[in-house]
Amino acid sequence: MRAASPPLTSQPRSALGEVVEASTTTFVAQCFEPERLTFPTMPALGSWTRSQDEETGNWIYGVVCHAAITPIDTVHRARALGLSAQELREQQPQIFAMLRTDFRSAIVGFVSEGRIYQYLPPRPPQIHQPVYRCSEAEVAEFCSSFEFLRTLLQVGGIPADELVAAVIRQSYQILNRDRNWLLQAGRHLSSLLREDYEHLSAILRKIEA
């Protein structure tokens, strides 16, 4: 827990999507449709996102742990058409309105009254709250501590080594490839997984990749 600098409380930029499902540990957002005929940009595994618990004003921070493109109509499955994206635009433009892109973020902490807490918030963001991509300054501020790694190691539904490695790779790039930060992250992981060398080695190999 520490004081946050202004970027963590600054005015949000354009939203990626909107919360359509929320629980104590995760929130699911549906991406907004782009203005032109194309599929929404799916955020990468390990991307940093944030949304808000409007009643308390807490900003809820998470990392993308799953994403999917699915039909809006749950009765009919999408089928192969053998068309390029441009051919779809010309011949089957309705396709773009029939699919939705959702992503799930694992909650790793929150900001309340300008202070960072790297544990689960009292409540997740509400349904229909906008979800934003975190700025580089926000990621740098949040990643100055490593307690969030413990939470990531317990996320279900995806191999933890894949998620942790993806978050560290993404953050390392955002932090201008700060080698000292990467070494500290590795030491913290070594402490958390000191009884599970095989798991630790799997994560470290994926970070190096």
Whole-Hz Karplus ³J(HN,Hα) for the stretch 132-144, in order, using 6.51 cos²θ - 1.76 cosθ + 1.60 and θ = phi - 60°, x for Gly and Pro?
10, 7, 5, 6, 4, 5, 5, 5, 4, 5, 5, 7, 6
Share of Cα-Cα pairs in the chain beyond 23 Å, whole percent, is 49 percent
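If I stretch the segment between N176 and R89 completely, what's the gain in nm (0.36 nm per residue apart, minus their alpha carbon distance), one decimal? List each step's numbers first, then the result.
On the way: separation 87, 0.36 × 87 = 31.32 nm, distance 3.79 nm.
Full extension from N176 to R89 adds 27.5 nm.
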In whole percent, what relative contact order does the chain give with Cα contacts below 8 Å and a gap of six or more residues?
26 percent
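Taking Rh as the Kirkwood radius, which is the inverse of the mean 1/r over Cα pairs, what is the Rg/Rh value for the stretch 88-188?
Ratio of gyration radius to Kirkwood radius for the stretch 88-188: 1.07.
Bear in mind these aren't lab numbers, they're just calculated from the coordinates by the rules spelled out. Predicted model only: the values in this text are computed from it and were never measured.
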